[in-house]
Amino acid sequence: MLSSREQNPNGQGPSRADLARAGFINTTRAQRLLADPALTPLLQAIPVGQLLSDLSDSPDPDQATLALVRLCEASPKPQQLAQDLKHTQLRHRLLALLGASSALGDFLIANPDSVACLDQEFDAEKVAATMTSRVKRALDAGSIPDAVHGLRLSYYQALCAIAAGDLTHPQPLQYMPQVGLQLSQLADAAVAAALPIAYRKAGASDQLAFCVIAMGKTGARELNYISDVDVMYVVGGALDETQATAVGSAVASALTDIISGVGTLAPLWPLDAALRPEGKDGVLVRSIDSYRSYYTKWAQSWEFQALLKARPMAGDMNLGQQFIDLTAPLVWQASARENFVSDAQAMRRRVEKESAKTRDDRRIKLGPGGLRDVEFTVQLLQLVHGRSDTHLRSAATLEALNELIDGGYIGRSAGQAMSRCYRFERLIEHRAQLSRLRRTHDLPKKEANLRRIARSIGTDLEGKNLTNATELEKAFNRTRRQVRTLHEEIFYRPLLSATASLSEAEMRLSPQAARERLAAFGYRDPDGAMRQIEALTEGLSRRAAILRQLLPVMIGWMGMGADPDQGLLSFR
């Protein structure tokens, strides 16, 4: 218990000074909340000093305390809840979640029995089994609304468990990829459980073979807490193509409504099929033959880049594998197309420019030095070198980055720095989305939101404590600047080590890989370009040293010109 000096003037709990030291901002309200009768059963089971200590570890003690009072008021069994929260792990995980996410706090307040789910680590197989069982019972009883409710209830309970494990992990930066994997597994389970409901709503029979293909972050199993889930649909089975397309479109539409439509619980996320052939103007579902015709005759280069992360997600997995068998070889042939890299770069610049809104660029995803710079860098190098090196074909960004490092296509120090930066930016993005479960890819502006994110992360990439909004903003901007620099270094600096006497530990791109990269970036005579680079960078002169710093950027600029070879020769 608190000593008499630690109590407030009325002797009823912690003083405002105690609360300020514990991280509370509105200490007057906190005193009132901690004295609320709804907390009496809990404070009979847990000393107020212990509760205050636990709240001080929460990302937002003020938010966590208010949510805790509301949860105790809503619980039909407050005494049982108090006894459950005597267990340290459950209490820590609950308070961390309440302090980080008002949206998931509201879910637990509306569904107090779901608090128990926080005491267990996420188990993908158990979650999928529970979700499927609830859906089956409701469908057997003839109730589609109950099936949708059971699916969403299971989803949000599992999401709470994932978030609680994330928020209480001692090394959140290292744990970030595991969170993306768990969120992807949860999305897989939700779509798989939704398919029987969709078949029922659409009146489809088993004669229809239907598979959902995951794309983007879902396909790479590195999903966010809340974002579009990119998909495509493949149909087949005993029906002819016209029938399969018509019935499959009905199933796909029903699936979207089950996942994203109005219900007794909030929608999960938008199912986005915009990456399909011809985009939103194209048909919603296609057969394998239809996909084959499109991808071999009409597809643009960026569409093959998007297919790099494709995988069967739910439904008829054999049909899904046929889709992968069709598209995978095309993905790795795409970089041989004329202007492949320049087209990809132009698209990247266009997206970056169109998404810019203000001079105060807070974009975590699309801004200069943001997540897209890392993902674009990794994917482009995969597509350039993955034609001949099959070890470079992982869908997940961090796994692919490690493969590029191990293969010598990226310098180890630069690659590891980019990996750390990517983890940090993804972690900020996760925390920003978790607060209200809104689809955002921007750093918040409000000080309270920034402080909450900073406290939930703990430290920056340099190991310095993050406790307030200013520290987080500075760490974010430092990271973006570093990513932008690494983006240029990783693309072009390895070319120098293939032609000049640079440190093997710094960069060790093979001459053949250097030729591949130069050719992909528009140089028609890669061997000649390598001779020019060697002439410019060899030796120990001051000029050579300066050019070794400048050329990584300049080679890229020249690659955007009409005649990169002539540009490099003229520069020499």
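The values are calculated or read from the model by the stated rules, or taken from the named source; none is laboratory data. From a predicted model like this one, the values you see are computed outputs, not experimental measurements. Note: ideal-geometry Cβ built from the backbone for every residue, glycine included; neighbour counts use all protein chains shown. Quick note on the areas: whole protein, heavy atoms, side chains included, nothing else; ligands and nucleic acids left out. Shrake-Rupley method; radii C 1.70, N 1.55, O 1.52, S 1.80 Å.
Some values worked out for this structure:
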| read-out | value |
| --- | --- |
| Qualifying positions in region 375-400 - over 18 Å from Ala520 (Cβ atoms) and either of a type in the set (Asp, Glu) or not in a helix (DSSP H, G or I) (or both) | Ser394, Ala395, Ala396, Glu399 |
| Neighbours by Cβ (under 9 Å, 6+ apart or cross-chain): first from region 268-280, more than 25 Å from Leu153 (Cα to Cα); second of a type in the set (Asp, Glu) | Ala274/Asp228; Ala274/Asp230; Leu275/Asp230; Leu275/Glu303; Pro277/Glu303 |
| When residues of region 465-474 are limited to those that are open to solvent by less than 30 Å² (accessible area, probe 1.4 Å) and in a helix (DSSP H, G or I), the one nearest to Gln416 (Cα to Cα) | Leu472 |
| Residue, nearest to Ile490 (Cα to Cα), within region 401-420, restricted to residues that are open to solvent by 10 Å² or more (accessible area, probe 1.4 Å) and not in a helix (DSSP H, G or I) | Tyr409 |
| Out of Thr245, Thr218, sole residue that is modelled with pLDDT of 95 or more, open to solvent by less than 20 Å² (accessible area, probe 1.4 Å), among the polar types (S, T, N, Q) and not in a loop (DSSP other than H, G, I, E, B) | Thr218 |
| Selection from region 376-392 of residues that are of a type outside the set (Val, Ile, Thr) and open to solvent by 10 Å² or more (accessible area, probe 1.4 Å) | Phe376, Gln379, Arg387, Ser388, Asp389, His391 |
| Pick from region 57-75, criterion among the polar types (S, T, N, Q) and within 28 Å of the chain's Cα centre (by Cα), ranking: nearest to Asn26 (Cα to Cα) | Gln63 |
| Residue list for region 135-145, restricted to those being assigned to a helix (DSSP H, G or I) and over 13 Å from Ala192 (Cβ atoms) | Arg137, Ala138, Leu139, Asp140, Ile144, Pro145 |
| Enumeration of residues in region 421-464 that are over 12 Å from the mean Cα position of the chain (by Cα), open to solvent by 10 Å² or more (accessible area, probe 1.4 Å) and small (Gly, Ala, Ser) | Ser435, Ala448, Ser456, Gly458, Gly463 |
| Members of region 146-172 that are open to solvent by 50 Å² or more (accessible area, probe 1.4 Å) and part of a helix (DSSP H, G or I) | Asp146, His149 |
| Residues of region 248-287 satisfying the condition of being open to solvent by less than 30 Å² (accessible area, probe 1.4 Å), part of a helix (DSSP H, G or I), of a type outside the set (Gly, Ala, Ser) and closer than 20 Å to Ala209 by Cβ | Val251, Leu255, Ile258 |
| Residue check, Leu159 under 16 Å from Ala100 (Cβ atoms) and touching a Leu at 6+ places or on another chain (Cβ under 7 Å) | yes |
| The listed residue being modelled with pLDDT of 95 or more, of a type in the set (Gly, Ala, Ser) and within 28 Å of the chain's Cα centre (by Cα), out of Ser114, Ser133 | Ser114 |
| Residue list for region 226-242, restricted to those being in contact with a Leu (Cβ under 9 Å, 6 or more places away or on another chain) and either among the acidic types (Asp, Glu) or open to solvent by 10 Å² or more (accessible area, probe 1.4 Å) (or both) | Ile226, Asp228, Asp230, Gly236, Gly237, Ala238, Leu239 |
| Any hit, region 403-414, residues being among the aromatic types (Phe, Trp, Tyr) and modelled with pLDDT of 85 or more | no |
| Set Val341, Val285: member being touching a helix residue (DSSP H, G or I) at 6+ places or on another chain (Cβ under 8 Å) and at pLDDT below 95 | Val341 |
| Meets criteria (at pLDDT below 95, open to solvent by 20 Å² or more (accessible area, probe 1.4 Å) and of a type in the set (D, E, K, R)) for Arg292 | no |
